[in-house]
Protein chains: 2
Amino acid sequence: MKNASKAPQPGRRASIKDVAARAGVSTATVSHVFSGKKHVNEALEKRVRAAARELDYSVDRVASRLRSGKAKVIAVMVPDLEDLFLSRFVSRIEAQAEDSGFEVILSCSRNDPELERTRLRAMLAWRPTGLVFVPCHEELPMEVFRDHPDLPIIGADRVNPSLTPFDTVTVDNYGSGWTAADNLILKGAKKILMLSSITEIATIRERIRGARERIERERDVELQVLAVGSEPTRGAEKLTEWFGEHGLPDAVISLTNVMTLAALATFAQIGIEAPDDLLLIGYHDSLWMTARKVPITTVSLPIDDVARAVWQRLESRVAGDSSPNRNTVLSTTLIERDTTLGRRPSR
Amino acid sequence: MKNASKAPQPGRRASIKDVAARAGVSTATVSHVFSGKKHVNEALEKRVRAAARELDYSVDRVASRLRSGKAKVIAVMVPDLEDLFLSRFVSRIEAQAEDSGFEVILSCSRNDPELERTRLRAMLAWRPTGLVFVPCHEELPMEVFRDHPDLPIIGADRVNPSLTPFDTVTVDNYGSGWTAADNLILKGAKKILMLSSITEIATIRERIRGARERIERERDVELQVLAVGSEPTRGAEKLTEWFGEHGLPDAVISLTNVMTLAALATFAQIGIEAPDDLLLIGYHDSLWMTARKVPITTVSLPIDDVARAVWQRLESRVAGDSSPNRNTVLSTTLIERDTTLGRRPSR
DNA sequence: GGTAACGAATTAAACGTTTAACTGTCAATC
DNA sequence: GATTGACAGTTAAACGTTTAATTCGTTACC
């Protein structure tokens, strides 16, 4: 008879008590073995581990978190997981979190403030260590945060730093619009069209504002903005329509990836081509933009840097940093490719 | 003096006890108010809610889960979150989960079996209700699953149904390869090149096997396979090299999205074009493939259906369905566009 | 008026851990 | 050979909920 084997109830999972009983030690010792917080005799440790294996025991993090109050979990809330920027952002945050030993709980508000509120509430009920939050609306769900006064929160991307009572990391959308417009103006564009899905998103509005303020410095340049919804084929139709009414502009700035596709589809359909017939700048650089006969000039957003900065800030807050909120703004890069080249010699 | 207000400790979060004390009721009543499992007098309920609001109380799901044993949480493990298929898959699963009131914890193995093992262990320590698992390797981490014998698991996509002791939902990769090859053969292709990043992934191998078996039925058609790694520019170089050595094939089947980009980059660089100089079929239909002058023929993978089937299976398992494991295989669609058109009349 | 039946609220025992406080044991120090 | 300290292990009390069992009061019924 080698073990004081008290078999656990048939259906139940083995708990620390079962392991302790089987190994003939106290539950405290078992806990010490698995948490490594106190040294235990080698022979004992072996016995404990053996017992655990035989019972298919594994620590229940829920109980552990309840008692100790500590758990390495961060919550991530984004408005749209299909968005290229956001899905990559989530991927990066996830990687950093895991490398630092954090678990990730994920939620998506699908651009619905009401959903955002309820899902946020549900996530935070798990008492995560921190929250990475990309809001879907300027109106933040403050009552939810009020219920969690000590929760470190880092806002990212679609956030208005000046309205946000926590750290933020954003991209210089204003500057990117300015730069794009500036580039086109220098190439002699007089009539510029900005193409967006919707203009309700803060980041998009900033891009437009940047371009507009640059253009206001010129007397003979005009800026138009066309919002066509997020459906690319429908967008292409609307753009065609617009071209019919207003004539071809000198340049198009498409404010999202999908809008660039809509623009290209339109161009192909009505038989015009950048840079011969107009100039084109897209937003959010992506592999397919370079693998074409005429690679596309784009504004590249520093996703990886945003993720890094967010994580860094979060780790520092979690570690107890209580300095005033900081707004980190990262700048974009205009990657100049063929669609903004000077007109090519021969057509 | 309207309330027996016993203020909670300064730093501490308010617990159910604090709320109970402040509202002058028992903790059970507070619990009933928030869980809705038992009716409580309207006036009392009001008092409880008021007290909760004043104390910024919200239920601690961790404690609740510990006591009740129930929690609606599902774990999701995928090998790569930047992959278009997988990130969309995760998005869909997440949406379905949330709609059914489940929380999602997410982890990414980054194609590393060791990471997969440890992260899986960490996730499952939270005792989720179910697991959606896209493995990174044929060798499944069975010991981890052994520790959680009652956990419903659904394997998806990169999984070999015949080696898997749980439900699976996969795509008919074999059939897709067969169909693609068949299509090209009917158009007279004699020399077909399959372009992949790596051939270690089960799904990729199946696609190749499908094409190979179709081609073996012909006496005068040959199939070559070229693996060029997952870096697109490096891939383009290798492909150029290959063209130099072996001459142009009649058709290229690029087995991933990124490989399609590598192929297009190569074509652009050496000045050839589909379908004039060779035919091209890509995998994984994506918006940018249609918004070109010559839209690309692709094998479309039914991601949304996969996600739906996975979720359906999971819900049924969670509900107690103990029927034998089922392997669901969804078929792909070849969307024929311009890159496999018969040679165009004029060049 | 007595009792049965019911509903609403309370009591107190869990759930599976961690951990402060405690008990031995053994070796080192004077 | 007492005293001290260090170390290894145990005891038992939490952590914040849920919930079975219980109490109490009210109403309904004969």
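Shielding of peptide B:292-302 by partners, expressed as the average count of other chain Cβ atoms within 10 Å per residue Cβ, is 2. Reducing region A:163-192 and region A:197-245 to their Cα centroids gives an inter-centroid distance of 13 Å. In this simple spin-label model, placing a label point 7 Å from the Cα along the Cα-to-Cβ direction at both residue A:327 and residue B:336 gives a separation of 5.7 nm. Give the shape of the protein assembly as shown as rounded, prolate or oblate, defined through the alpha-carbon gyration tensor: a ≥ b ≥ c are the square roots of its eigenvalues, a/c under 1.5 means rounded, and otherwise the shape is prolate if a/b is larger than b/c and oblate if not. Judged from the Cα gyration tensor, the protein assembly as shown comes out oblate (a/c at least 1.5, b/c at or above a/b).
Taking the Cα centre of the protein assembly as shown as reference, the dipole from Cβ charges on Lys and Arg (+1) and Asp and Glu (-1) amounts to some 3060 debye.
Note on residue B:138 and residue B:17: the model spin-label points, each 7 Å out from Cα along the C-beta direction, lie 5.7 nm apart. For region B:16-59, a crude dipole built from +1 on the beta carbon of Lys and Arg and -1 on the beta carbon of Asp and Glu, taken about the Cα centre, is about 100 debye to the nearest 20. What residues of region B:90-134 lie in the reach of a label at residue B:318, counting those whose backbone N is under 15 Å from a point 7 Å from the Cα along Cα→Cβ? Zone members listed by number: B:92-106, B:127-133. Within region A:264-347, all pairs of alpha-carbon atoms sorted by distance into 10 Å bins from zero give the percentages 15, 34, 20, 15, 11, 5, 0. Using R0 = 22 Å, the C-beta based FRET efficiency linking residue B:26 and residue A:70 works out to 0.15.
Each of B:280, B:287 was scored by other Cβ atoms within 10 Å of its Cβ. Listed from fewest to most, they are B:287, B:280.
Over chain B, with a Gaussian network built from C-alpha contacts below 10 Å, which listed residue (B:132, B:171, B:48) shows the highest mean-square fluctuation? Answer for the Gaussian network model of chain B: B:48. Averaged over the residues of peptide A:104-115, the number of Cβ atoms from other protein chains lying within 10 Å of each residue's Cβ is 4.
For the options B:32, B:137, B:148, a Gaussian network treatment of chain B with springs between C-alpha atoms closer than 10 Å singles out B:32 as fluctuating the most. If R0 is 30 Å, the Cβ-Cβ spacing of residue A:112 and residue B:53 corresponds to a FRET efficiency of close to 0.80. Of the residues B:55, B:36, B:20, the one whose Cα sits farthest toward the positive end of the charge dipole of region B:16-59, with +1 on the Cβ of Lys and Arg and -1 on the Cβ of Asp and Glu, is B:36.
Rounded to the nearest 500, the 222 nm mean residue ellipticity of chain A from helices alone is -13000 deg cm²/dmol, with -39,500 (n - 2.57) taken per DSSP H run of at least 4 residues. For region A:16-59, the normalised intensity computed at q = 0.18, 0.29, 0.31, 0.34 Å⁻¹ comes to -0.38, -1.04, -1.19, -1.40 (log10 of I(q)/I(0), Debye sum over alpha carbons, equal scatterers, no solvent).
Residue B:49 label point (Cα plus 7 Å toward Cβ) to equivalent points in the other copies: 5.4 nm, shortest first. Since only B:192, B:125, B:227 are under comparison, the one whose Cα sits farthest along the positive direction of the charge dipole of region B:118-244, derived from C-beta charges on Lys, Arg, Asp and Glu, is B:192. Residues B:217, A:317, arranged from fewest to most other Cβ atoms within 10 angstrom of their Cβ, appear as B:217, A:317. With a 10 Å cut-off around each Cβ of B:264-274, the average count of Cβ atoms from other chains is 2. For residue A:304, place a label point 7 Å from Cα along the Cα-to-Cβ direction in every copy; what are the distances to the other copies, in nm, shortest first? Once sorted, the set of distances for residue A:304 reads 3.3 nm. Annotated for chain A: lysine pairs at least 8 residues apart or interchain, Cα distance under 30 Å, count 28. Judged by the ratio a/c of the largest to the smallest principal axis of the C-alpha gyration tensor, chain B counts as prolate, that ratio being 1.5 or greater while a/b is larger than b/c. Here is how far apart the residue A:138 label points are across copies: 5.7 nm, shortest first, using a point 7 Å from Cα toward Cβ.
Roughly speaking, what % of Cα-Cα pairs in region A:1-122 are separated by over 26 Å, rounded to a whole number? Here the tail beyond 26 Å accounts for 45 percent of pairs.
Net charge of the neighbourhood of residue B:326, taken over other residues with C-beta under 14 Å away and scored Lys/Arg +1, Asp/Glu -1, is -1.
For the pair region A:50-64 and region B:51-69, the centres of their Cα atoms are 26 angstrom apart.
Highest GNM mean-square fluctuation among B:286, B:316, B:15, for chain B modelled with Cα contacts below 10 Å: B:15. Sorting B:300-306, A:322-328, B:153-159, B:68-74 by average packing, meaning the other beta carbons within 10 Å per residue, from highest down gives B:153-159, B:300-306, B:68-74, A:322-328.
Values in this text are rule-based calculations from the coordinates and carry no lab data. As the structure is a computational prediction, the values presented were derived from the model and not from experiment. No Cβ is skipped: glycine too gets one built from the backbone with ideal geometry, and neighbour counts run over all protein chains shown.
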